[in-house]
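Bear in mind that the values in this text are calculations on the coordinates, not laboratory data. Model, not experiment: these values are computed from the prediction. Here Cβ is always computed from backbone atoms with ideal geometry, including for glycine, and neighbour counts include all displayed protein chains.
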There are 2 protein chains.
Amino acid sequence: MLDNDSKKIFGWSGPAAGAAIFRIIKNIGPISRTDIVKKTGLSKSTVSVHTKKLLEMGLIKESKSKNKSVGSVGRNRKLLKFAKNNGYIIAIDLGATSLNVGLCNLDAEIIDLKGKSVLVNSGPKKIMVEIDNFIEELIVNNNVSRNKIFGIGMGVPGPVEFSKGLPVSPPIMPGWHHVPLKEILQDKYNCPSFIDNDVNVMAVGEKHAGVAQNFSNFIFIKIGTGIGAGIICEDKLYRGSKGCAGDIGHISINGEEELCPCGNRGCLEIVAAGPAIAKKAKEAAKKRESDFLLSVLNKKGDITAKDVGEAIKKNDSSAIEIVKNSGQKIGQVTSRLVNFYNPSLIIIGGGVANIGNYLISAIKEEVFRHSTSLAVQDLEIELSKKNEEVGIIGAAAMAVNEIYSHDNVTEMVYLDSN
Amino acid sequence: MLDNDSKKIFGWSGPAAGAAIFRIIKNIGPISRTDIVKKTGLSKSTVSVHTKKLLEMGLIKESKSKNKSVGSVGRNRKLLKFAKNNGYIIAIDLGATSLNVGLCNLDAEIIDLKGKSVLVNSGPKKIMVEIDNFIEELIVNNNVSRNKIFGIGMGVPGPVEFSKGLPVSPPIMPGWHHVPLKEILQDKYNCPSFIDNDVNVMAVGEKHAGVAQNFSNFIFIKIGTGIGAGIICEDKLYRGSKGCAGDIGHISINGEEELCPCGNRGCLEIVAAGPAIAKKAKEAAKKRESDFLLSVLNKKGDITAKDVGEAIKKNDSSAIEIVKNSGQKIGQVTSRLVNFYNPSLIIIGGGVANIGNYLISAIKEEVFRHSTSLAVQDLEIELSKKNEEVGIIGAAAMAVNEIYSHDNVTEMVYLDSN
DNA sequence: TTAATTTGTTTGACATTCGAACAAATATAA
DNA sequence: TTATATTTGTTCGAATGTCAAACAAATTAA
């Protein structure tokens with residue numbers, strides 16, 4: 001057997017034609033056998049043999065819709081595609097204040113979704129019960145046979161030791177430190193499970209089915225209660241040496257002095273995230289700088305970032321100023337990241353992302369003004385288009401990626417071959 | 001033949017046992033056949049056949065020093081190692097003010113080295129002649145037969161379009177824009193050549209033979225005339241989408257207003273690199289804050305960063321303050337990078353790195369104070385130990401890495417097999 | 001209807017890999 | 001010293017994987 005070290009260092013794991021063919025079909029299918037021959041350089045015979053085996057194993061399907069041949073004449077191609085409905089993935093997106101659980105197919109498409117407001121700091125015991133209930137509902141309502149659940153993916157709002165599936169001292173998740181989530185889920189549902197930081201998961205979701213599908217190096221920035229980033233490097237999630245890469249919420253902002261719970265002053269998160277926007281709006285209301293915000297404050301006794309979004313829709317100048325200001329600060333940090341990382345795409349997501357276009361405009365302006373000219377050449381900055389679902393999609397995609405990773409696929413194909 | 005796309009996406013390139021075995025021997029040799037069997041999971045017979053072939057081809061050698069067997073009894077192992085002296089690599093390290101050309105073996109070890117002061121902005125025509133002269137000298141002096149030159153690696157002080165080997169609009173390299181260095185060298189010396197940014201090259205050098213050999217994710221920071229970073233991500237150089245990743249010299253510093261030629265204010269490079277240190281030292285001298293610096297100024301009419309280093313050796317408090325201040329600023333930027341990238345190592349190199357320990361202490365202090373606690377857990381910050389040679393080593397290592405990359409090795413092994 | 005074209009399968013030859021037997025080198029015990 | 005156990009490495013025949021070429025199928029144009 002291959003030891004893990006050699007796999008990692010040398011990326012080698014036995015005769016791999018079958019795995020390569022499967023991977024092509026899964027990732028860029030539907031595709032004809034002829035095109036696989038062209039893509040791989042394998043012979044027609046080899047492709048024929050392996051696709052036959054993959055079909056028998058139920059890993060791929062022959063698509064009904066036939067495809068015209070390359071010229072005007074000739075036999076039509078039969079397209080092969082990944083059998084994405086041959087199993088299920090459970091996707092869990094746990095936020096600071098919300099829980100979503102989805103039933104997905106093997107292409108991370110959402111089949112059914114349950115969600116509710118929860119407080120993550122009410123602790124793992126309570127939350128895990130909620131998760132179990134949702135999963136049971138999804139299984140029953142959709143007639144899922146349990147042995148067809150191939151894996152579970154989960155995002156949590158804090159750093160995670162990915163390989164072990166353990167949350168690590170998450171400040172907003174008291175009581176969750178080193179709770180063995182991976183084991184708990186694996187044992188309960190008898191399938192592999194994968195836990196990661198929610199922002200990382202969202203980045204994976206954008207890569208799999210969002211605006212980043214054709215980008216190899218990009219940064220997903222989540223703006224919500226806090227601010228964090230997910231980093232995709234050469235098409236793969238980059239976690240960093242301790243799993244906390246992308247933790248940009250505590251980068252300091254020029255000239256800001258506000259004390260952050262982390263102990264430093266002027267952290268991006270404390271001066272620009274949702275709560276900061278809400279706080280400033282409240283101050284503006286109190287100073288009577290905005291009639292709309294004042295009326296909200298009087299009516300509800302408090303102002304949220306969402307209210308500021310409503311104010312912007314009404315063209316409230318105070319709200320616009322507050323959001324612009326947040327955008328500038330986030331843009332300041334983003335421009336530094338752009339200089340350092342030279343991504344081809346920045347995605348803005350999270351609960352505050354859609355507060356109004358002033359936010360992303362301010363970010364763009366700041367980045368394009370302050371980053372190196374070469375670094376911003378061809379750089380795109382976009383809002384997430386599946387902001388609500390991308391956590392679920394990403395959690396499922398992460399599980400799928402792991403399950404069908406190089407080594408596992410090779411094993412699958414060749415375990416069967418005897 | 002495999003098309004390039006599929007190679008990149010699927011990492012697949014035909015029967016690879018021979019290549020895998022070669023790679024193991026090259027990267028972690030000397031190693032016995034038995035250990036290769038354990039590492040790869042291949043059968044003894046397969047390893048035997050391929051090592052035999054690799055020996056015949058001269059790609060590997062049998063080491064003379066014998067290795068005891070695992071238990072107390074049994075036949076001794078014969079160790080196999082990469083035949084690193086079977087060919088040569090020419091390594092070129094072009095700096096803003098210096099040129100070094102080295103003759104290296106296939107393990108990027110320096111056999112002979114030539115260097116002189118040149119000004120890169122005197123243009124490619126002049127410099128390329130200097131390079132050619134050095135190469136000729138090295139070839140003649142060391143009795144190198146020209147067909148044994150397997151490749152050329154070169155670092156230049158500015159961004160490079162790596163795949164084409166073209167410098168890109170480098171501000172400090174007027175006249176070098178899009179000069180086809182790769183082609184020129186390839187055609188002249190009839191071997192593959194690889195051009196990259198000097199900082200990237202140095203990072204590769206640290207990974208190959210410097211302090212970073214056991215680190216998978218680290219940042220090399222070069223402090224000299226400018227400030228730049230080389231990023232290693234999962235053991236590989238990360239170049240970014242436009243090849244300008246690591247361009248941290250123009251990240252802005254809190255509270256600094258000095259105008260940078262780039263158009264922005266308070267850029268790290270303009271307030272903390274070698275020239276900034278020299279400038280501040282001159283001001284201090286003029287203000288008569290330091291006798292030593294004043295005497296230097298009077299003697300030479302100018303002060304360089306090197307002089308400041310000398311002042312520090314004499315415990316000059318002005319010089320110490322100036323260098324500490326630079327360290328703080330570099331540390332400020334570094335701490336942001338640490339939060340974002342979560343590396344396990346930061347290496348400080350370049351001409352100014354050894355100006356005195358106050359520099360790295362200040363950097364360390366800043367990083368450990370301002371970065372997230374999880375991000376600095378296990379983080380090491382070290383000076384480069386081969387500061388002078390690491391550009392040459394890295395240029396050679398880059399060439400070697402490319403020449404013996406997965407695809408090329410596979411080809412080599414299997415071209416021979418018919 | 002036939003020929004040309006394109007797609008996909010089958011087949012026999014060849015190359016690669018494996019397990020098992022064998023050979024070589026070394027330490028320990030008789 | 002000799003015999004035996006142990007470890008390392010090679011050789012050989014069988015099994016497996018891959019390929020090129022022949023074949024079969026599906027489609028268009030003449």
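With a sphere of radius 15 Å drawn around the Cβ of A:N315, what net charge do the other residues whose Cβ falls strictly inside it have (Lys, Arg +1; Asp, Glu -1)?
-3
Where both partners of a DSSP beta bridge lie in the protein assembly as shown, what percent of those bridges are antiparallel, to the nearest 5?
60 percent
Evaluate peptide A:368-380: per residue, the Cβ atoms of other protein chains within 10 Å of its Cβ; return the mean as an integer.
5
Size of the dipole of chain B about the Cα centre, Lys and Arg at +1 and Asp and Glu at -1 on the beta carbon, nothing else charged, in debye to 20?
For this selection, approximately 1320 debye.
Could you pull out which residues in region B:236-272 have an amide N less than 17 Å from a spot 7 Å beyond the Cα of B:S163, following the Cα-Cβ vector?
B:237-245
Please get the size of the charge dipole for the protein assembly as shown, origin at its Cα centre, with Cβ charges of +1 on Lys and Arg and -1 on Asp and Glu, quoted in debye to the nearest 20.
1860 debye
Distances from A:N86 to the same residue in each other copy, label points 7 Å out along Cα→Cβ, in nm, shortest first?
Ordered by increasing distance: 4.3 nm.
What's the average, rounded to a whole number, of partner chain beta-carbon atoms within 10 Å of each residue's beta-carbon in A:225-237?
The mean count of partner-chain Cβ atoms within 10 Å per residue comes to 2.
Taking +1 at the Cβ of each Lys and Arg and -1 at the Cβ of each Asp and Glu, which of A:A229, A:L293, A:V47 sits farthest along the dipole of the protein assembly as shown towards its positive end, judged by Cα position relative to the Cα centre?
Sorting the options by dipole projection puts first A:V47.
Check the straight Cα-Cα distances from B:K64 and name the lysines below 28 Å, setting aside those fewer than 8 residues away within the same chain.
Cross-link targets: B:K26, B:K38, B:K39, B:K44, B:K52, B:K53, B:K78, B:K81, B:K84, B:K148, B:K207.
Using label points projected 7 Å from each Cα along Cα→Cβ, tell me how many nm separate B:D132 and B:L259, to one decimal.
So the label points at B:D132 and B:L259 sit 4.2 nm apart.
Can you give me the long-range amide H partners of A:L383? Hydrogens built in the peptide plane at 1.01 Å from N, cutoff under 5 Å, separation of 5 or more residues or another chain.
Close amide H contacts, sequence-distant or interchain: A:I348.
Run the simple label-point estimate for B:S63 and A:K116 please: 7 Å along Cα→C-beta, distance reported in nm.
Label-label distance for B:S63 and A:K116, simple model: 6.3 nm.
Note down the nm distance, to one decimal, between modelled labels 7 Å out along Cα→Cβ at A:N147 and at A:Q213.
Placing both labels 7 Å along Cα→Cβ, they lie 3.4 nm apart.
Please say if chain B is rounded, prolate or oblate, where rounded means a/c under 1.5 for a ≥ b ≥ c the square roots of the C-alpha gyration tensor eigenvalues, and otherwise the choice is prolate for a/b larger than b/c and oblate otherwise?
Note, shape of chain B comes out prolate.
So what's the back-of-envelope 222 nm ellipticity for chain B, counting only DSSP H runs of four-plus at -39500 (n - 2.57) apiece and dividing by all residues, rounded to 500?
Calculated at 222 nm, the ellipticity per residue is -13500 deg cm²/dmol.
Could you list A:Y404, B:Y88 so that the one with the fewest beta carbons within 10 Å of its beta carbon is first and the one with the most is last?
A:Y404, B:Y88
Taking the dipole about the Cα centre of region A:55-168, with the C-beta of Lys and Arg at +1 and of Asp and Glu at -1, give me whichever of A:I60, A:I90, A:S145 is farthest to the positive side.
It is A:I60.
In terms of the Cα gyration tensor, with a ≥ b ≥ c the square roots of its eigenvalues, is region B:214-385 rounded because a/c is under 1.5, prolate because a/b exceeds b/c, or oblate?
Note, shape of region B:214-385 comes out prolate.
Just tell me how shielded B:65-75 is by partners: mean number of partner chain Cβ atoms within 10 Å of each residue's Cβ, no decimals.
Average neighbour count from other chains, rounded to a whole number: 0.
Answer with one residue from A:H177, B:G351, A:S373: the one whose Cα lies farthest towards the positive end of the charge dipole of the protein assembly as shown, charges on Cβ with Lys, Arg +1 and Asp, Glu -1.
Towards the positive end, the residue furthest out is A:H177.
Sort the protein assembly as shown into rounded, prolate or oblate with this rule: let a ≥ b ≥ c be the square roots of the eigenvalues of the Cα gyration tensor; rounded if a/c is under 1.5, and if a/c is not under 1.5, prolate when a/b is larger than b/c, oblate otherwise.
Because a/c hits 1.5 or more and a/b fails to exceed b/c, the protein assembly as shown counts as oblate.
For region B:152-164, just list the computed ³J(HN,Hα) in residue order, Karplus coefficients 6.51, -1.76 and 1.60, θ = phi - 60°, integers in Hz, with x standing in for Gly and Pro.
These are the phi-based 3J(HN,Hα) values: 10, x, 9, x, 10, x, x, x, 9, 7, 4, 4, 8 Hz.
Among A:M154, A:M57, A:M173, which one shows the biggest mean-square fluctuation in a GNM of chain A, springs joining Cα atoms closer than 10 Å?
Fluctuation is largest for A:M57.
Provide B:S373, B:S65, A:S335 in ascending order of the number of other Cβ atoms located within 10 Å of each residue's Cβ, fewest first.
B:S65, B:S373, A:S335
What does DSSP give for chain B in terms of the percent of beta bridges that are antiparallel, rounded to the nearest 5?
In chain B, DSSP labels about 60 percent of beta bridges as antiparallel.
Could you check which residue among B:G356, B:G210, B:G29 shows the biggest mean-square fluctuation in a GNM of chain B with a 10 Å Cα cutoff?
Among B:G356, B:G210, B:G29, the largest GNM mean-square fluctuation belongs to B:G29.
Take each uninterrupted DSSP H stretch in chain A, measure its Cα extent along the helix axis, and return the ones at 24 Å or beyond whose mean Kyte-Doolittle hydropathy is at least 1.6.
none
Using the Cα centre as the reference, give the magnitude of the dipole from point charges on the C-beta atoms of region B:92-137 (Lys, Arg: +1; Asp, Glu: -1; all else neutral), rounded to the nearest 20 debye.
Using Cβ point charges on Lys, Arg, Asp and Glu, region B:92-137 gives about 340 debye.
Using a Förster distance of 25 angstrom, determine the FRET efficiency expected from the C-beta separation of B:S45 and B:V73, and round it to 0.05.
Efficiency computed from Cβ-Cβ geometry: 0.55.
For B:D302, go 7 angstrom from Cα along the Cα-to-Cβ vector, then report the distances to that same point in the other copies in nm, smallest first.
Result, one decimal in nm: 6.3.
As a test, work out the antiparallel percent of DSSP beta bridges whose residues both lie in region B:214-385, rounded to the nearest 5.
55 percent
What whole number of Å gives the distance from the Cα centroid of region B:77-91 to the Cα centroid of region A:149-171?
Taking the Cα centre of region B:77-91 as reference, the centre of region A:149-171 is 44 Å away.
Between the label point of B:E258 and that of the same position in each other copy, find the distances and list them shortest first in nm, with every label point placed 7 Å from Cα along the Cα-to-C-beta direction.
So the distances to the same position in the other copies read 3.2 nm.
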